[in-house]
Amino acid sequence: MAGRSKVAQEAFEIAEPIVKELGFDLVDCEYKKEGQYYFLRMFIDKRGGIGIEDCEAVSRALDEALDGKLHADPDYFEVSSPGATRPFTCLADYVRHQGEEIEVSLFAPINGVKHLEGIIESADEEKLILTVGQENLEITWEKISKAQRTIHF
């Protein structure tokens, strides 16, 4: 992912195969200074969402794998869910949430509409197929400005 610091990218590359072996997707990693402390954060996801037990299991598995292997020594290490409403950033996000409802904002209208809510039918390298009402829409990636899960309260 563009914009990751060198330390975050290094940690991502070490962690990704371990996280995948545990049955999760490593969505992102960040290395940030907050106040006087440096934080290394891993964001994991899986179909159905992430619980605290998942974060604990991944944290334990990564703690030893990362120890002494980074070109930095963070003060704090955290494993977290990326959050229910974070924007989708890659194909894996759409595949992981297939069958779920999402909100999609478009750069240009389709059938006069720039904001859609629908169910993900499928997603591949070329397009997203979204069921909106009774209609299946094929939307190529370059038409999508933003997408995220729909949350109903």
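The values are calculated or read from the model by the stated rules, or taken from the named source; none is laboratory data. Here the structure is a predicted model, which is why all the values come from computation and not from measurement. Ideal geometry is used to build each Cβ from the backbone, glycine not excepted, and the neighbour counts take in all protein chains shown.
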- Task: Only residues in the stretch 127-153 that are touching a residue at least 60 places away in the same chain (Cβ under 8 Å) count as the first member; pair them with residues that are among the aromatic types (Phe, Trp, Tyr), Cβ under 6 angstrom, at least 6 apart or cross-chain, and list the lot.
- Result: Ala147/Phe88
- Task: Go through the stretch 15-43 and give me each residue that's in a strand (DSSP E or B) and either of a type in the set (Phe, Trp, Tyr) or farther than 23 Å from Asp75 by Cβ (or both).
- Result: Asp25, Tyr31, Tyr37, Tyr38, Phe39, Phe43
- Kindly indicate whether any position in the stretch 51-59 is more than 16 Å from the chain's Cα centre (by Cα) and within 30 Å of Glu117 (Cα to Cα). yes
- Message: Between a residue in the stretch 85-106 that is farther than 20 Å from Leu26 by Cβ and any residue that is part of a loop (DSSP other than H, G, I, E, B), which pairs come within a Cβ distance under 7 Å, given they are 6 or more apart or on different chains?
- Response: Glu101/Thr150; Ile102/Thr150; Glu103/Thr150
- For the stretch 52-153, please list each of the strands (runs of 3 or more DSSP E) lying entirely inside it that holds at least 1 residues being in contact with a helix residue (DSSP H, G or I) (Cβ under 9 Å, 6 or more places away or on another chain) and of a type in the set (A, V, I, L, M, F, W, C). 76-80, 101-110, 113-123, 127-132, 144-149
- Query: Looking at Glu121, is it surrounded by 13 or more Cβ atoms within 10 Å (Cβ to Cβ) and under 17 Å from Ala84 (Cα atoms)?
  - Reply: no
- Message: Ala15 - would you say it is surrounded by 16 or more Cβ atoms within 10 Å (Cβ to Cβ), in contact with a helix residue (DSSP H, G or I) (Cβ under 7 Å, 6 or more places away or on another chain), modelled with pLDDT of 90 or more and more than 30 Å from Gly133 (Cβ to Cβ)?
- Response: yes
- Note on the structure: In the stretch 124-153, anything surrounded by 12 or more Cβ atoms within 10 Å (Cβ to Cβ), closer than 24 Å to Ser81 by Cα and not hydrophobic (A, V, I, L, M, F, W, C) is listed as Ser145, Lys146, Gln148, Arg149, Thr150
- Pull up the stretch 93-108, narrow it to residues that are surrounded by 14 or more Cβ atoms within 10 Å (Cβ to Cβ) and of a type in the set (A, V, I, L, M, F, W, C), then point me to the one that is farthest from Glu121 (Cα to Cα). Leu106
- Task: Quickly run through the stretch 18-37 and pick out the residues that are aromatic (Phe, Trp, Tyr) and either crowded, with 16+ Cβ neighbours inside 10 Å or within 14 Å of the chain's Cα centre (by Cα) (or both).
- Result: Phe24, Tyr31
